[in-house]
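Colleague: Pasting a structure here, questions to come.
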Amino acid sequence: MSLNSIFQYFVPKDRKVFFPLFEQAASNVVAIATVLVETVNSHNAEARDEYYKQIDKLENIGDELTHQIYLELGKNFITPFDREDIHTLATAIDDIADNIQGAANRMNLYKIEDFTVPIRKLADLILQASVDMEKAVRELKDLKNVRNIADSCIRINSIENQADYVFDRAVADLFLYEKDAITLIKYKEILATLENATDMCEDVANVMETILVKNA
């Protein structure tokens, strides 16, 4: 057996393990973000109840994919890039889904009927960032299109900045115009969780930029 054959024996078929799992996790985030947008734009209470159930199911799928990545990380001796970056990337992608579900749970539990313009805008921004995140993740498998990954990361950072502005303006308006303290707290929590989802998208972008630098 040649030295190359011995080496290949220990190399995991990462294109059949890590990258498909990352791509599935990223696609799942786009799916859950899409349902979130449908939720906040729906005027039908029964339809929203179904959307909330879909979001829960998709978040569970995301958890399973993340767990699978962790398992593969423990089983494989050689990985396509740094083990720490694989773990951090998987966690960051999962955190997006967690925050989307967290916002949806609050909307459901608080019986929110009036989805304000800032809530709808933040949902749109989450979806935009998620789509760019998925595009970048799909380019990781061979790192041939580094420019595409970098461009997606730049767009995600810009979207996160927009989300910061929408959140700050919305919270300021709540304190200026909302007279009911309970209503204020409900909306502030929802807005904060939505904005945090865009922060998690930026975290994913930061991890991918780190991977690019290490593999340049």
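Colleague: Please sort through the DSSP H helices of the chain and keep those with an alpha-carbon extent of at least 24 Å along the long axis and a Kyte-Doolittle average not below -0.5.
Modeller: Span-like helices in the chain: 18-40, 83-109, 117-139, 146-177, 181-214.
Colleague: For region 60-134, which chymotrypsin sites (Phe, Trp or Tyr not before Pro) are both in a DSSP coil and crowded by at most 15 other Cβ atoms within 10 Å?
Modeller: Phe77, Tyr110
Colleague: Dividing the Cα convex hull volume of region 27-87 by residue count, how many Å³ per residue is that?
Modeller: Roughly 72 Å³ of hull volume per residue.
Colleague: What is the ratio of the Cα radius of gyration of region 72-143 to 2.2 N^0.38 Å, with N the residue count, to two decimals?
Modeller: So the Cα radius of gyration is 1.49 times the expected 2.2 N^0.38 Å.
Colleague: May I ask you to list the residues of region 31-60 whose amide nitrogen lies under 19 Å from a point 7 Å from Cα along the Cα→beta-carbon direction of Thr116?
Modeller: The answer is 37, 39-43.
Colleague: Using the alpha-carbon centroid of each, what span in Å lies between region 130-177 and region 45-117?
Modeller: 17 Å
Colleague: Tell me, rounded to the nearest percent, the portion of alpha carbon pairs in region 106-174 spaced more than 13 Å apart.
Modeller: When all Cα pairs of region 106-174 are counted, 69 percent exceed 13 Å.
Colleague: Taking every eigenvalue of the Cα gyration tensor of the chain, multiplying by 5 and rooting it, what semi-axes result, largest first, whole Å?
Modeller: Whole-Å semi-axes of the equivalent ellipsoid: 37, 18, 13.
Colleague: I'd like to know which of Ala104, Ala90, Cys201 lies farthest towards the positive end of the charge dipole of region 74-216, counting +1 on Cβ of Lys and Arg and -1 on Cβ of Asp and Glu.
Modeller: Of the listed residues, the answer is Ala90.
Colleague: Stokes-Einstein at 4 °C, 1.567 mPa s, Kirkwood radius from Cα pairs: D for region 121-210 in µm² s⁻¹?
Modeller: Estimated via Stokes-Einstein, D reaches 93 µm²/s.
Colleague: Asp49 to Asp180: FRET efficiency via 1/(1 + (r/R0)^6), r the Cβ-Cβ distance, R0 35 Å, to the nearest 0.05?
Modeller: 0.90
Colleague: Within the chain, what whole-number % of the accessible surface is contributed by carbon and sulfur, with the 1.4 Å probe and all protein chains included in the calculation?
Modeller: 54 percent
Colleague: Sort out the exposed loop trypsin sites (Lys or Arg not before Pro) in the chain (DSSP loop, at most 10 other Cβ within 10 Å) and tell me the longest stretch that has none.
Modeller: In the chain, the maximal stretch lacking such sites is 14-110.
Colleague: What are the principal axis extents of the Cα atoms in region 33-124, in Å, biggest first?
Modeller: Cα extents, longest axis first: 51, 22, 18 Å.
The values are calculated or read from the model by the stated rules, or taken from the named source; none is laboratory data. Please read these numbers as outputs of a predicted model, since none were measured by experiment. Cβ coordinates were reconstructed from backbone atoms using ideal geometry, including for glycine residues, and neighbour counts include every protein chain displayed. Only protein heavy atoms, including side chains, enter the accessible area calculation; ligands, DNA and RNA are left aside. Shrake-Rupley method; radii C 1.70, N 1.55, O 1.52, S 1.80 Å.
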